[in-house]
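The values are calculated or read from the model by the stated rules, or taken from the named source; none is laboratory data. The structure presented is a predicted model; accordingly, all values stated were derived computationally and were not measured. Positions of Cβ are generated from backbone atoms using ideal geometry, with glycine treated the same way; all protein chains shown enter the neighbour counts.
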Amino acid sequence: MCRGLFSILLIALVMTVTSAGSATAELDMSGTWETHFFLAKAVAFVKQDGDSLSGVVYVIQKLTGSCDTYHFTGSIRQGVVEAAHHEGHSVCGRLVDSNQCTGLLTTQSKVQLKITALRCPNPAPARNTESTNVPF
């Protein structure tokens, strides 16, 4: 029931984290980003290649430990990031600074949520983004 919302929030987090402010358009947003919401933690692994973004978001439920995996694609243009998951969830955001991003997540049902993500200072080792298993 809340799984879809958690997934959407996580996707938004990753996409928002990868957004670049107008003064930081040259900044590479690749890396690991994290946010917490409700009873879940979202960890996003983002790859930036020019204006293109891609990655995977893992939403881990704190009470059960279950993990959902969401792959996304997007782009950065003129400091604005736009990204989406194939189920219809999307995010638009902007980099606050090199370690914090904020954005607006729009769910498949058009519900909008504000999110904030922080860059992880010590990124985990590279992971296989094609895997559906929790990489932790």
Mind telling me which of the residues Gly79, Gly74 ends up being within 24 Å of Lys110 (Cβ to Cβ), more than 9 Å from the chain's Cα centre (by Cα) and modelled with pLDDT of 50 or more? Gly74
Here is a list: Gly93, Gly65, Gly55. Which entry is of a type in the set (Gly, Ala, Ser) and more than 13 Å from the chain's Cα centre (by Cα)? Gly65
Residues satisfying the stated conditions in the range 44-75, i.e. free of Cβ contacts under 8 Å to residues at least 60 places away in the same chain and either part of a loop (DSSP other than H, G, I, E, B) or buried (at least 24 other Cβ atoms within 10 Å of the Cβ) (or both): Val46, Gly50, Asp51, Leu53, Val57, Val59, Lys62, Leu63, Thr64, Gly65, Ser66, Gly74
Among the residues of the range 100-136, what is the count of those that are modelled with pLDDT of 85 or more, within 14 Å of Met29 (Cβ to Cβ) and either in a strand (DSSP E or B) or touching a Leu at 6+ places or on another chain (Cβ under 9 Å) (or both)? 5
Among the numbered criteria (1) among the charged types (D, E, K, R); (2) modelled with pLDDT of 80 or more; (3) in a loop (DSSP other than H, G, I, E, B), which one does Arg94 miss? (3)
Which numbered condition His86 misses (of (1) more than 11 Å from the chain's Cα centre (by Cα); (2) assigned to a strand (DSSP E or B)): (2)
